[in-house]
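Chemist: My questions will all concern the structure given below.
None of the figures in this text is laboratory data; all of them are computed from the coordinates on show. Keep in mind it's a predicted model, so treat the numbers as computed, not measured. Cβ placement follows ideal geometry from the backbone for every residue including glycine, while neighbour counts extend to all protein chains displayed.
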Amino acid sequence: MAMTLYGSPLSFPTYKVALMLSMAGEPFTFKFVNLRQGEQKKPEFLAMNRFGQVPVLVDGDQPMSQSNAILSRLAYKFGKFVGGDPAGQRATQEWLCWEADQLLSGIARPRFFKRFVEKPDPTLLDHYTQRGEGALNTLETALAKQSFLGGDSPSIADISCYATVVHAGEGGFDLARWPAVQAWVGRMGQQPGVKPAADLMPMPS
């Protein structure tokens, strides 16, 4: 039975899970959750995810939440993108925690302010932009030494970070400033199953 992904194509965390499923060649059904209308806070959604956030992935009768936790579970279920040898697997899990703590807010917040807020608070925008630049600096240092975060091939850490970084331009970040990151985005974009969010999760007509 195909899994069902609840979320929004505008949500980086939802895109991570859709991307993982696509790269793994696993079919899924997408159910759009209208965040602007607060559908993620309704009782029927909260019954699946107590946090009231997207995404939710339902596998059989088991709903799963928190995107990086979902990626980890799927990686070990499918035996794909776990990060190679034990050292690579440890690094992959570390990168996942770092992505949620630093990279996601550093890219997603500026992008949100620029796309959806008419007059963003300049102090907040500057704060998160600096965080995004710092996160991209961290990625640049790592990716100047190796092709992917988990080693020689993509891992769920790469999937998680790519789903955010590929949209960095929408937050005002010019990836030309980070050439190793820009080259990695290109490598990830060439991997089988990698598609834009809108292609994997079409909006309802």
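Chemist: Name every residue in the stretch 11-39 that is under 19 Å from Phe78 (Cβ atoms) and acidic (Asp, Glu), in order of residue number.
Modeler: Glu26
Chemist: Looking for whichever is surrounded by 13 or more Cβ atoms within 10 Å (Cβ to Cβ), under 15 Å from the mean Cα position of the chain (by Cα), outside any loop (DSSP other than H, G, I, E, B) and among the charged types (D, E, K, R) here; the options are Arg187, Arg111. Which one fits? Even if it seems obvious, please write down each step before you answer.
Modeler: On the way: Arg187 fails: under 15 Å from the mean Cα position of the chain (by Cα).
Arg111 is the lone residue from the list that is surrounded by 13 or more Cβ atoms within 10 Å (Cβ to Cβ), under 15 Å from the mean Cα position of the chain (by Cα), outside any loop (DSSP other than H, G, I, E, B) and among the charged types (D, E, K, R).
Chemist: Moving on to the next point. Which of the residues belonging to the stretch 145-188 are in contact with a helix residue (DSSP H, G or I) (Cβ under 8 Å, 6 or more places away or on another chain), under 24 Å from Val82 (Cα atoms) and without any contact (Cβ under 8 Å) to a residue 24 or more places away in the chain?
Modeler: Within the stretch 145-188, Val166, Gln182, Val185 qualify.
Chemist: Yes or no: the stretch 62-69 includes at least one residue that is in contact with a helix residue (DSSP H, G or I) (Cβ under 7 Å, 6 or more places away or on another chain), under 14 Å from Pro13 (Cβ atoms) and in contact (Cβ under 8 Å) with a residue 60 or more places away in the chain.
Modeler: Residues of the stretch 62-69 in contact with a helix residue (DSSP H, G or I) (Cβ under 7 Å, 6 or more places away or on another chain): 64, 67-68.
Checking which are under 14 Å from Pro13 (Cβ atoms) leaves us with 64, 67-68.
Narrowing further to those that are in contact (Cβ under 8 Å) with a residue 60 or more places away in the chain: 67-68.
Yes, the stretch 62-69 contains at least one residue that is in contact with a helix residue (DSSP H, G or I) (Cβ under 7 Å, 6 or more places away or on another chain), under 14 Å from Pro13 (Cβ atoms) and in contact (Cβ under 8 Å) with a residue 60 or more places away in the chain.
Chemist: Is it fair to say Met23 is closer than 20 Å to Gly60 by Cβ and in contact with a Gly (Cβ under 7 Å, 6 or more places away or on another chain)?
Modeler: Spelling it out, it is not the case that Met23 is closer than 20 Å to Gly60 by Cβ and in contact with a Gly (Cβ under 7 Å, 6 or more places away or on another chain).
Chemist: Moving to a separate point now. Yes or no: the stretch 8-22 includes at least one residue that is within 19 Å of Pro204 (Cβ to Cβ) and surrounded by fewer than 19 Cβ atoms within 10 Å (Cβ to Cβ). Give the steps one after another, and end with the answer.
Modeler: Here is the first cut: in the stretch 8-22, the ones within 19 Å of Pro204 (Cβ to Cβ) are 8-11, 14-15, 17-18.
Narrowing further to those that are surrounded by fewer than 19 Cβ atoms within 10 Å (Cβ to Cβ): 9.
Yes, that holds for at least one residue.
Chemist: In the stretch 84-105, which residues are surrounded by 13 or more Cβ atoms within 10 Å (Cβ to Cβ) and either more than 29 Å from Glu170 (Cα to Cα) or in contact with a Leu (Cβ under 8 Å, 6 or more places away or on another chain) (or both)?
Modeler: Result: Gly84, Gly88, Gln89, Ala91, Thr92, Trp95, Leu96, Leu103.
Chemist: crowded, with 20+ Cβ neighbours inside 10 Å, in a loop (DSSP other than H, G, I, E, B) and not β-branched (Val, Ile, Thr) - does that describe any residue in the stretch 164-176? Working first, answer last.
Modeler: Step one: filter the stretch 164-176 for residues crowded, with 20+ Cβ neighbours inside 10 Å, giving 164-166, 168, 171, 173.
Applying the additional criterion that residues be in a loop (DSSP other than H, G, I, E, B) yields 166, 173.
With not β-branched (Val, Ile, Thr) added as a condition, the list becomes 173.
So far as the stretch 164-176 goes, yes, one or more of its residues are crowded, with 20+ Cβ neighbours inside 10 Å, in a loop (DSSP other than H, G, I, E, B) and not β-branched (Val, Ile, Thr).
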